Number of protein chains: 2
Amino acid sequence: MSTTPHPFDKALALHHSDIRVGHFTGTTSPDYWNMVGPFGGTTAALALQSVLQHPDLLGTPIALTVNYAAALGEGAFDIQATAVRTNRSTQHWTVTITQPGADGTTNMTTTATVVTAARRDTWSQADLTMPEAPKPEAVDRISIGPSGVAWLDQYEMRPFSGGIPSKWDGSLQHSETRIWVRDAQARPLDFASLAALSDVFYPRVWLRRAKHVPAGTVSITTYFHVGAAELAEVGTGYLLGCAAGQQFFNGFFDQKAQLWSEKGALLATSNQIVYYKE
Amino acid sequence: MSTTPHPFDKALALHHSDIRVGHFTGTTSPDYWNMVGPFGGTTAALALQSVLQHPDLLGTPIALTVNYAAALGEGAFDIQATAVRTNRSTQHWTVTITQPGADGTTNMTTTATVVTAARRDTWSQADLTMPEAPKPEAVDRISIGPSGVAWLDQYEMRPFSGGIPSKWDGSLQHSETRIWVRDAQARPLDFASLAALSDVFYPRVWLRRAKHVPAGTVSITTYFHVGAAELAEVGTGYLLGCAAGQQFFNGFFDQKAQLWSEKGALLATSNQIVYYKE
């Protein structure tokens, strides 16, 4: 039995400081490093995690918006989670992630808002059905190799449609990816990892154009459609993820995504707006 | 020639105070009153407007997230717009709307984040095509009548699919509305009115169930897919709006929406998460 913490738990380790309630400190994770900063999914998960670890938390996550103002630098960061409004069954949060800047200034890298709520049993209905898919085991896993992009190694990705273009030949095509995905090292799904998985899709403009232009998420919003019990049912199973771009205009495009459990339960819907250079 | 301001301009009138940069005061508008507070679209537009009137503004809106923490009460409110990060071509904002509470406290009613950017000409592509539709003039305008819901009178709404159910008989159906819509009193489209129009769709759960259950938007995110020139082209023309629910689960559902110009240009995509009671 291993006692080594999971890389995601290490990346999400936060220390609740004594400075004020909701103030946490943490350190960026080399395991989830992207090209010029942490994988954005980890940053989103950290913002959510600060709320989930806040002593005043009410309920479970409903909505999470994360704005990537600047890439985090390697090293220590501060997170402040503040419950700005607590109603009878819903709670509204603001979150900031900062790092020390030059000359004693504070570097604002990330802002976020979170809504949590105590859910109640109501009439429920799933109108977004999971697309047909081959069994996960029947789909090849992406072999990352020495790409230098660490976070890709943390996920087991099995795209069965819209994988990374094999030729960057500028041919125009659709922008939809369908993929089986889960943590590479088994870890039961929770809200933080679901938040991270919502950002696992590479920029749609690369697929749409078969062209590798500079691109980066500016803002992501994820809605959670399950409670803790439904997440527990997923456990360490695969998720089916779909992502597609909708409109590409003068430097920004939007990208919608859905994540289902292998049994076909819609766990999260997510949208992001992404900068692209040319 | 009339010199009376448009109701929307009256609702959005903000006074930049001397207290600090980005601090504005305003007053709720009876013209856009909903059942227990202002129409959420107006509140979203106000949050955006505070950024657009900020002296440090860079560029035009890309993304807007508004969290409805509590209904605004009738009367005066304060808005604080803060540029938390200004990069070379993008700018990140936080916005709060507050009202005086009891005993000298401050009542946080709304939080928002906004991303603005200086757009540049790039490769562009519209992948979300406008659905086929009859001409606006061929569709009956909704007659509001003495509903007591003031804001509905401010919009000319011509739904050609998924209008308000004629019978609240609990019959299950789809949740998609398609509508031609614009300001009832002609007003050239701008980013603030586009933000408001993104919230013009009634709760999808009413349509899905043909049942009038208590429901209210908790958080809305709108992405803007045009610059000022493209908005100016729309002028006072109709927009084609589509909205549909996706997942209804234990008290919350999500609702996606798109707004096209009459010529078929996608102006905005929007998503919201909505509370429903039963």
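Residue check: B:D153 meets all listed conditions (1) within 24 Å of the chain's Cα centre (by Cα); (2) under 28 Å from A:A70 (Cβ atoms); (3) open to solvent by 40 Å² or more (accessible area, probe 1.4 Å) but one, namely (2).
Being touching a Phe, Trp or Tyr at 6+ places or on another chain (Cβ under 9 Å), farther than 26 Å from B:M35 by Cβ and buried (at least 23 other Cβ atoms within 10 Å of the Cβ): is that true of B:F224 here? In short, yes. Filtered by the rule that a residue be of a type in the set (A, V, I, L, M, F, W, C) and within 27 Å of A:T3 (Cβ to Cβ), the range A:174-223 gives A:V181, A:A184, A:A186, A:L189, A:F191, A:A192, A:L194, A:A195, A:A196, A:L197. Output yes when any residue across the range B:193-216 is open to solvent by less than 10 Å² (accessible area, probe 1.4 Å), of a type in the set (S, T, Y) and within 20 Å of A:A118 (Cα to Cα), and no when none is. There is no residue in the range B:193-216 that is open to solvent by less than 10 Å² (accessible area, probe 1.4 Å), of a type in the set (S, T, Y) and within 20 Å of A:A118 (Cα to Cα). Residues of the range A:12-25 that are closer than 13 Å to A:T96 by Cβ and touching a helix residue (DSSP H, G or I) at 6+ places or on another chain (Cβ under 8 Å): A:G22, A:F24. Does the range A:157-168 include one or more residues that are closer than 30 Å to B:A69 by Cβ, among the aromatic types (F, W, Y) and modelled with pLDDT of 90 or more? Scanning the range A:157-168, I find no residue that is closer than 30 Å to B:A69 by Cβ, among the aromatic types (F, W, Y) and modelled with pLDDT of 90 or more, so the answer is no.
If you go through the range B:1-24 and pick out every residue that is surrounded by fewer than 20 Cβ atoms within 10 Å (Cβ to Cβ), closer than 23 Å to B:D199 by Cβ and not acidic (D, E), you end up with 5. Taking residues in the range A:108-123 that are within 7 Å of chain B (Cβ to nearest Cβ), and partners anywhere that are among the basic types (K, R) and in a strand (DSSP E or B), the pairs with Cβ atoms closer than 9 Å and at least 6 places apart or on different chains are A:M108/B:R85; A:T111/B:R85. Residues in the range A:228-254 that are in contact with a Gly (Cβ under 9 Å, 6 or more places away or on another chain), at the interface with chain B (Cβ under 10 Å from one of its Cβ atoms) and either open to solvent by less than 10 Å² (accessible area, probe 1.4 Å) or hydrophobic (A, V, I, L, M, F, W, C) (or both): 4 in all.
Among all positions in the range B:128-137, there is no residue which is within 11 Å of another protein chain (Cβ to nearest Cβ), more than 22 Å from B:G41 (Cα to Cα), free of Cβ contacts under 8 Å to residues at least 12 places away in the same chain and of a type in the set (S, T, Y). If the condition is being of a type outside the set (V, I, T), within 9 Å of chain A (Cβ to nearest Cβ) and free of Cβ contacts under 8 Å to residues at least 60 places away in the same chain, then the range B:48-90 contributes B:A69, B:A70, B:R85, B:N87, B:S89. Being within 25 Å of A:F24 (Cβ to Cβ), out of contact with any Phe, Trp or Tyr (no Cβ under 9 Å at 6 or more places or on another chain), small (G, A, S) and without any contact (Cβ under 8 Å) to a residue 40 or more places away in the chain: is that true of A:G163 here? Against the criterion (within 25 Å of A:F24 (Cβ to Cβ), out of contact with any Phe, Trp or Tyr (no Cβ under 9 Å at 6 or more places or on another chain), small (G, A, S) and without any contact (Cβ under 8 Å) to a residue 40 or more places away in the chain), A:G163 does not qualify.
On the stretch given as the range A:128-150, residues that are within 30 Å of B:Y68 (Cα to Cα) and buried (at least 17 other Cβ atoms within 10 Å of the Cβ) total 1. Checking the stated criteria, A:A45 turns out to be away from every other protein chain (no Cβ under 11 Å) and crowded, with 20+ Cβ neighbours inside 10 Å.
The C-beta contact set for the range B:168-196 (first residue within 14 Å of chain A (Cβ to nearest Cβ), second residue open to solvent by 60 Å² or more (accessible area, probe 1.4 Å) and among the β-branched types (V, I, T), distance under 7 angstrom, 6+ apart or interchain) is empty.
Scanning the range A:188-203 for residues that are in a loop (DSSP other than H, G, I, E, B) and closer than 14 Å to A:G41 by Cβ gives A:L189, A:D190, A:S198, A:D199, A:V200, A:F201, A:Y202, A:P203. Counting only residues that are open to solvent by 20 Å² or more (accessible area, probe 1.4 Å) and at pLDDT 90 or above, the range B:169-188 holds 9 of them. Counting only residues that are hydroxyl-bearing (S, T, Y) and surrounded by fewer than 24 Cβ atoms within 10 Å (Cβ to Cβ), the range A:29-42 holds 1 of them. When you look at A:A268, is it in contact with a Leu (Cβ under 8 Å, 6 or more places away or on another chain) and free of Cβ contacts under 8 Å to residues at least 60 places away in the same chain, yes or no? Against the criterion (in contact with a Leu (Cβ under 8 Å, 6 or more places away or on another chain) and free of Cβ contacts under 8 Å to residues at least 60 places away in the same chain), A:A268 does not qualify.
The values are calculated or read from the model by the stated rules, or taken from the named source; none is laboratory data. Worth saying up front: this structure is predicted, and the values here are computed from it rather than measured. We place every Cβ from the backbone using ideal geometry, glycine too, and count neighbours over all the protein chains shown. When the accessible area is computed, the model is the full protein with side chains, heavy atoms only, and any ligands, DNA or RNA have been set aside. Shrake-Rupley method; radii C 1.70, N 1.55, O 1.52, S 1.80 Å.
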